[in-house]
Each structure stands twice: as C-alpha cells, then as structure tokens.
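In what follows, a structure is listed as structure tokens, so that the remarks can point back to it.
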Ligand SMILES: NC(=O)c1ccc[n+]([C@@H]2O[C@H](COP(=O)([O-])OP(=O)(O)OC[C@H]3O[C@@H](n4cnc5c(N)ncnc54)[C@H](O)[C@@H]3O)[C@@H](O)[C@H]2O)c1
C-alpha cells in the first residue's frame, strides 16, 4: 500500500511499545489511528499524546483473547473512521517457563499471541476484502517465530503459528488476486514493556510486577526504528520484516539443518 496518507491504521497493543511506535510513525505519515488495548489508562495517555501531535486518533478497550470484543473493536473502527486499511495485529505477552511447565502459562500466552492475531484477522479481513482495498495486514511475530528460544516455549509456539498463518494468508490473497497485502514482523530485542507482560495477566496485581527492560543490550532498537522499517515494508508490499538482520542468517542456518539433518540452531542474541 504505497499511499498511506489519510488512510486508517488499526493497532492492537497500541498503548505501549512497538504498537505505540507504530502509532507515532503512521500518524506522522498522515494516517488516522485506531488504538486497541487492554490497558485503559495507557490508552488514554497514548491518545492524548497522539492527538497533541495533531493526529486523528480513536481508542477502544479490547482484550484480543475475546473474539466478540475484537468484533466490537472492528465495529467501533468502522463507525469512527468508515474503514480500516492497515491492520496491525500486534498485542502480545511473554511468560518464562519450561516446555513441561504450567498449562496456565501456556494457555495465557497462546490465547493472546496466537488467538489474538486470529481474532484480528477474522474480524477485520472480511470487511477489508469487501471494501476491495487498498489495505495491508501486519502481524507481529518475533525472531521467536523463526528460531526455538529456550525458556519461552509458549511464546515460540504462538509466534511460529503467526509466521505460518501469515504465509498462508499471503498465498490466499495472491490466489484471489487480492489488492490486500500482508507482512510478518519478526524483530529481535526492542525497547518496550514486554518483560513486564504479566501486568496484564488476569488475576495479577500490576503493581507487583517489576519493570524489567532490556537496558544496554547491543541489538536493542527503539519502537520507532522498528515502525519505520514496517512502514517502508507496507509501502513496498514486502512480506518478511526482520529489522535485526543477523536473525535472517540464523533462520537460514536453522532451515538448512532440515536438509543436512543437523541439530536446531541455538538462537544468538547480541546482548
Ligand atoms: N519487545 C521486544 O523485544 C519484542 C521482540 C519481538 C516481538 N515483540 C512483539 O511485539 C508486540 C508488542 O509488544 P511490545 O514489545 O511492544 O510490548 P509492550 O508490553 O510494551 O506492549 C504490548 C501491548 O499489548 C497490550 N496487551 C497485552 N495483552 C493484551 C490483550 N489481551 N488484549 C489487548 N492488548 C493487550 C499491552 O497492554 C501493551 O500495551 C508483541 O506481540 C511482542 O510479542 C516484542
């Protein structure tokens, strides 16, 4: 979608981190912004900042694990802006546990990170198809969608699912000659609140959760740096978005192992 000016960007997880970076960058490019997030107070803060910058902003409190709530989010988007052109299924959480760990951990992460993306596509794509474009979907996965990081297997499983279904969607759009495009975003380490994800876990008191950032990590990018890469990819209809290039080589080596029958590649993070 080369021309984004005046078009509507819908961003789940838009109140913080990468989603808020999208909103700032897309707003500066002339887009109208619809933010969805589970954190009502952060949404209000984000909206105040963005409208202070002169952008046209709407907000909606939504839990992406709830299909009906995401449908209501789509209704609110179409009611406010009359359309949706750039859908960013971005809300996500992480929890540390072993593969044999708590099923509650598994379920929460899969619910947000996999089902959240499915719900976004299910609620918005039929309307975007009906409108006949232009439009583009960006699904936020991770390098954990390309490689098997230890200690976060539910996250790895959900993000591999996001990478897989985004490829299916690419082919489905291509087969029907759709004007809609799709990209999958696979970042490495980005300066956000992801390490305090449990603040949004049902039953958890957010004031008990530490704010644990990736401070000083060598490969750390800002959300706005990632958003610039994403916007360029949307304009060019580029599917794969890997803002941290060294992971592309690791993903390739990992895939090569399938032919060479070697062990999975241990992911290397530049700390
Ligand atoms: N930060 C990184 O290093 C990194 C790397 C790769 C991928 N990602 C992905 O980027 C995306 C954005 O995360 P971030 O790093 O900006 O973290 P973040 O915690 O700063 O932002 C995530 C946002 O999602 C929202 N959210 C959480 N659960 C929700 C739910 N059930 N419904 C609606 N909103 C919900 C949060 O309130 C928050 O605003 C995630 O999908 C994450 O997996 C992050």
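Listed values, structure above:
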| quantity | calculated |
| --- | --- |
| Gained length - residue 201 relative to residue 215, 0.36 nm times residue gap less alpha-carbon distance | 2.7 nm |
| Helical mean residue ellipticity (222 nm; -39500 (n - 2.57) per DSSP H run of 4+; nearest 500) of the chain | -14000 deg cm²/dmol |
| Mean separation of Cα contacts under 8 Å (6+ apart) over length of the stretch 8-260, as relative contact order % | 19 percent |
| Chain lengthening between residue 75 and residue 168 when straightened (0.36 nm per residue, less Cα-Cα) | 30.9 nm |
| Net length gained if the chain between residue 259 and residue 238 were fully extended (0.36 nm per residue, minus Cα distance) | 4.9 nm |
| Cα-Cα separations in the chain greater than 34 Å, expressed as whole percent | 14 percent |
| Residues listed by number, the stretch 187-205, amide nitrogen under 18 Å from residue 104 label point at 7 Å toward C-beta | 197-205 |
| Most mobile of 248, 257, 36 in a GNM of the chain (Cα contacts under 10 Å) | 257 |
| Inter-centroid distance (Cα atoms) of the stretch 227-271 relative to the stretch 139-156, Å | 12 Å |
| Estimated FRET transfer efficiency when R0 is 41 angstrom, pair residue 96-residue 56 (beta carbons, to 0.05) | 0.60 |
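Read the figures in this text as sums done on the coordinates, not as results from a lab. Since this is a predicted model, take the numbers as computed values, not measurements. Every residue, glycine among them, receives a Cβ derived from its backbone with ideal geometry; neighbour counts consider all protein chains shown.
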